[in-house]
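Shown next, in structure tokens, is the structure this report addresses.
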Amino acid sequence: MKLLVYGAGVIGSLYAALFREAGYDVTVYARGKRLEILESKGLLYLQKRKIKRADVRIVSNLLDNDIYDFIFLSVRENQLYEALEELKTNKSTCIVTLVNSIDDYEKWENICGKGRILPAFPGAGGSITEDILDADLTPRLVQPTTFAEISGKITDRVKKLSNLLKKSHIPYQVVGDMHKWQLCHLAMVVPIADAYYEAEFPQMAGKERKVMVKTAMRLKRNFHFLRSHLGKLSPNKMYMFLLIPKPILTIALSFIFCSSFGDRFMYQHSVKAPDEMRQLHKQFYTYVKAHRL
């Protein structure tokens, strides 16, 4: 099976390394400084405190007849449309969009073709330090890799992707409505990112009580809206933001923000992708305002 990982940041690099470890034929599409590093050093990553090198091909352009079983599109939301424009003439039939976005998937299909998009979201985090990937998958109970057909149907390619992830030891889940799932995800991550941007000392945001109180209030407000608007939250664990009393939620948030989990899976991305997260903030609250009206 031939796989293309389009985007060589933390997420793309980690999935590429895991796919290659599972024995798949993996190509990584990269640009700019990251391309130069990969071409000169290869895809280096930490595993059990040892530096390994993933045996993947590195490319900087994509021909129309470069056919892959799956293209994993792993870019920031503000790079999405440029990537879709480049992929639209390629003959590969399935683009797995590992992208944090609130957009209607029809807009994506209007660019690259009906039926090519398989919406998904990664379950991973970490950083690239001194050209070495130091990242990991999030625990299954927290956030497995999540995906679904736009229609919600269990198709052959959903089964094929499930088997690919299983063989690669990547926890996953298939949901019924990916757009609903991503709305709920944004309702959670936007206030978390905002907390870092509003804290006096971002890496110590969990110790700033006013910031944690405000974050708890925002989470509750967001999920009250989505429950009213969508009828049901996805996944079910998101109901905890409604059920847990605000004082207890504030304490829990403070603990998570101060933990190694918070640093690896929340802080790292928020501080390295502020433009993306602020754009998602704007998109989410614009959506909330429009649908409240």
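The values are calculated or read from the model by the stated rules, or taken from the named source; none is laboratory data. As the structure is a prediction and not an experimental result, all values here were calculated from the model. Positions of Cβ are generated from backbone atoms using ideal geometry, with glycine treated the same way; all protein chains shown enter the neighbour counts. For the accessible areas, the whole protein counts, side chains as well, though only heavy atoms, and no ligand, DNA or RNA atoms are used. Shrake-Rupley method; radii C 1.70, N 1.55, O 1.52, S 1.80 Å.
Tabulated values for the structure
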quantity: Selection count where residues are in a loop (DSSP other than H, G, I, E, B) and open to solvent by 10 Å² or more (accessible area, probe 1.4 Å), scope segment 100-121; calculated: 8
quantity: Residue in segment 103-114 that is within 15 Å of Leu3 (Cβ to Cβ) and not hydrophobic (A, V, I, L, M, F, W, C) present; calculated: no
quantity: Any chance Ile71 is of a type in the set (Val, Ile, Thr), surrounded by 19 or more Cβ atoms within 10 Å (Cβ to Cβ) and touching a residue at least 12 places away in the same chain (Cβ under 8 Å); calculated: yes
quantity: Pair list, Cβ under 6 Å, 6 or more apart: segment 49-60 residue hydroxyl-bearing (Ser, Thr, Tyr), other residue modelled with pLDDT of 95 or more; calculated: Ser60/Leu35
quantity: Enumeration of residues in segment 163-176 that are more than 9 Å from Thr145 (Cα to Cα) and either open to solvent by less than 60 Å² (accessible area, probe 1.4 Å) or small (Gly, Ala, Ser) (or both); calculated: Leu164, Ser168, Val175, Gly176
quantity: Selection from segment 129-140 of residues that are within 16 Å of the chain's Cα centre (by Cα) and either part of a loop (DSSP other than H, G, I, E, B) or surrounded by 20 or more Cβ atoms within 10 Å (Cβ to Cβ) (or both); calculated: Ala135, Leu137, Thr138, Pro139, Arg140
quantity: Subset of segment 232-252 [in contact with a helix residue (DSSP H, G or I) (Cβ under 9 Å, 6 or more places away or on another chain), in a loop (DSSP other than H, G, I, E, B) and surrounded by fewer than 20 Cβ atoms within 10 Å (Cβ to Cβ)]; calculated: Lys232, Pro235, Ile244
quantity: Filter result for the condition that a residue is modelled with pLDDT of 95 or more, surrounded by 15 or more Cβ atoms within 10 Å (Cβ to Cβ), out of contact with any Lys or Arg (no Cβ under 7 Å at 6 or more places or on another chain) and basic (Lys, Arg), over Lys160, Lys180; calculated: Lys180
quantity: Count - residues of segment 186-219 that are touching a Lys or Arg at 6+ places or on another chain (Cβ under 9 Å) and open to solvent by 30 Å² or more (accessible area, probe 1.4 Å); calculated: 5
quantity: Boolean, Met266 is touching a strand residue (DSSP E or B) at 6+ places or on another chain (Cβ under 8 Å), of a type outside the set (Phe, Trp, Tyr), open to solvent by less than 10 Å² (accessible area, probe 1.4 Å) and under 27 Å from Ala148 (Cα atoms); calculated: no
quantity: Within segment 1-42, considering residues that are in a loop (DSSP other than H, G, I, E, B) and open to solvent by less than 30 Å² (accessible area, probe 1.4 Å), the one farthest from Tyr267 (Cα to Cα); calculated: Tyr24
quantity: Test: Ile117 is farther than 26 Å from Met266 by Cα and under 21 Å from the mean Cα position of the chain (by Cα); calculated: yes
quantity: Lone qualifier among Phe255, Phe225 - being in a helix (DSSP H, G or I), at pLDDT 95 or above and open to solvent by less than 60 Å² (accessible area, probe 1.4 Å); calculated: Phe225
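Let's see how each residue does on (1) modelled with pLDDT under 95; (2) over 17 Å from the mean Cα position of the chain (by Cα); (3) hydroxyl-bearing (Ser, Thr, Tyr):
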site: Tyr6; (1), (2), (3): no, no, yes
site: Gly12; (1), (2), (3): no, no, no
site: Tyr15; (1), (2), (3): no, no, yes
site: Lys48; (1), (2), (3): yes, yes, no
site: Ser92; (1), (2), (3): no, yes, yes
site: Ile95; (1), (2), (3): no, no, no
site: Leu98; (1), (2), (3): no, no, no
